[in-house]
Each structure stands twice: as structure tokens, then as C-alpha cells.
1. Please state which one of 118, 128, 135 is touching a residue at least 24 places away in the same chain (Cβ under 8 Å) and out of contact with any helix residue (DSSP H, G or I) (no Cβ under 9 Å at 6 or more places or on another chain).
2. Can you confirm whether residue 96 is in the same structural domain as residue 178 (by TED's automatic domain parsing), closer than 23 Å to residue 182 by Cβ and crowded, with 17+ Cβ neighbours inside 10 Å?
3. Going through the stretch 173-195 one residue at a time, which ones are surrounded by 15 or more Cβ atoms within 10 Å (Cβ to Cβ), outside any loop (DSSP other than H, G, I, E, B) and touching a residue at least 60 places away in the same chain (Cβ under 8 Å)?
4. Given the structure, is residue 170 closer than 30 Å to residue 80 by Cβ and buried (at least 17 other Cβ atoms within 10 Å of the Cβ)?
5. Which one of the conditions (1) touching a residue at least 24 places away in the same chain (Cβ under 8 Å); (2) farther than 16 Å from residue 97 by Cα does residue 154 fail to meet, given that it meets all the rest?
6. What number of residues within the stretch 152-167 are surrounded by 14 or more Cβ atoms within 10 Å (Cβ to Cβ) and in contact with a helix residue (DSSP H, G or I) (Cβ under 9 Å, 6 or more places away or on another chain)?
7. Of all the residues that make up the stretch 134-169, how many are touching a strand residue (DSSP E or B) at 6+ places or on another chain (Cβ under 6 Å) and more than 29 Å from residue 91 (Cβ to Cβ)?
8. Evaluate the following for residue 112: is it free of Cβ contacts under 8 Å to residues at least 12 places away in the same chain and either touching a helix residue (DSSP H, G or I) at 6+ places or on another chain (Cβ under 7 Å) or in the same structural domain as residue 210 (by TED's automatic domain parsing) (or both)?
């Protein structure tokens, strides 16, 4: 048997009734103070409480507990689905149509879906949008807004898809979109005005790579 010396009583002089300040330990307080039951009692009580909560017998049977666990998992999956569909999501970008604003591959961005869900017409010229492709509804595309309903825009300023002198008025409920890299982009120059209903969200932030972190917004400049 090993005898562990108990520390000297702690001096509590100067403490008044109701003062909850823990008394300061003397500088020569022995390391073996944890052997003192006065210090072990709170830890013992905490251990008893944790054991009681962890190993407490359940009032439900095993099939019931499994069913409750499955229900919680389903709720979690539904919550994640609703969040991604109506609030926002993190996505990867690839393709050359938005060079040099966005890289060809390997970039991670934040897509805001909530703003377009609350107000589909809350779109400004110059913003980057995520849309369902008019050519392939199963594919998402990222383009920049060039014109809003009622605007008169040049069909193709580059003259590649149409004469640069040709203009069109955007009908109600539609927008005109283009890629920043016109030479490698399929956009409204090919399939015309795009229904606002195809808009899935706004590209807000580039997260990766960290060296290219950027917040996106409208970059249009108005000339009087």
C-alpha cells in the first residue's frame, strides 16, 4: 500500500459569505492534490451522470429505436435537399465559356438560390447566373446577363453568329445571356432570349482556389 500525503488545509481567510471565488492555491501545493476526495467528488459525480445517460435503459424496443433512427435520417436528408434547392449550394465549375472570369476547371463556387426563389425578376445586368441549358435541360450553365425584358440588344457584337448591326428587343419574361469568352460560348446569340424560369440561382463567391477568392456582382458600367 502506498501512502499518499494529503495537502495542508487551504486557507480561506478573507472569503466572505456568498463569495464564490475559488481560493487561490499556494505555490507549493503538491501534485498529489487530486487524491483529495474534496477534488475527486465533482469528477466522480460527472462520471456517474455520463454513465447514467449513456447506459440508461431505453423504454423503447429495438425495432422502435431503429425506426426512430431511420426517421431522423430521412428528416436530415429532406432538410439537406430543401436547403440545396431553395437556399444555396456549393458547386464546381468547368468549361471555357466564362474565361477569364472563371477558370476552365477546378474552381469551387457558392450559388445563391434563395434570392431568385423569393423574387425571380430580381436580376441585374452584369450578374452571373446559373441556368438550365435551353439546349439540354439536364445540364447547368453559367452565363452573364446582358439584357433584361424590354431591352434592345445587339444579337452578336462579335459578328460571329449574326451581323453586328442586327438588334432585337427582349420579350417580357426573358433575358439575354452571353459568355465572357464569346469564341467558346453557346448563349443567346444561338438560341435567343432565355426564359427567366430557367434561372436556378446567382453565382456569388469563388471559394477555391484561395488565391482567386472573389465576390461576384454586376460589373456593368452605364454610359450616358
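1. Being touching a residue at least 24 places away in the same chain (Cβ under 8 Å) and out of contact with any helix residue (DSSP H, G or I) (no Cβ under 9 Å at 6 or more places or on another chain) holds for just one of 118, 128, 135, which is 128.
2. So residue 96 does not fit the description; no.
3. The first filter runs over the stretch 173-195 and keeps only residues surrounded by 15 or more Cβ atoms within 10 Å (Cβ to Cβ), leaving 174-182, 185-189, 193-194.
Next, from what is left, pick out any that are outside any loop (DSSP other than H, G, I, E, B): 174-178, 182, 188-189, 194.
Across the stretch 173-195, the qualifying residue is only 194.
4. Against the criterion (closer than 30 Å to residue 80 by Cβ and buried (at least 17 other Cβ atoms within 10 Å of the Cβ)), residue 170 does not qualify.
5. (1)
6. First, the residues of the stretch 152-167 that are surrounded by 14 or more Cβ atoms within 10 Å (Cβ to Cβ): 153-156, 161-162.
Going one step further and asking which of them are in contact with a helix residue (DSSP H, G or I) (Cβ under 9 Å, 6 or more places away or on another chain), we end up with 153, 155-156, 161-162.
Summing the residues that are surrounded by 14 or more Cβ atoms within 10 Å (Cβ to Cβ) and in contact with a helix residue (DSSP H, G or I) (Cβ under 9 Å, 6 or more places away or on another chain) in the stretch 152-167 gives 5.
7. 5
8. Numbers: free of Cβ contacts under 8 Å to residues at least 12 places away in the same chain: no; either touching a helix residue (DSSP H, G or I) at 6+ places or on another chain (Cβ under 7 Å) or in the same structural domain as residue 210 (by TED's automatic domain parsing) (or both): yes.
So residue 112 does not fit the description; no.
The values are calculated or read from the model by the stated rules, or taken from the named source; none is laboratory data. For clarity, every value in this text was computed on a predicted model and none was experimentally measured. In this analysis, Cβ positions are derived from the backbone assuming ideal geometry, glycine residues included, and neighbour counts consider all displayed protein chains.
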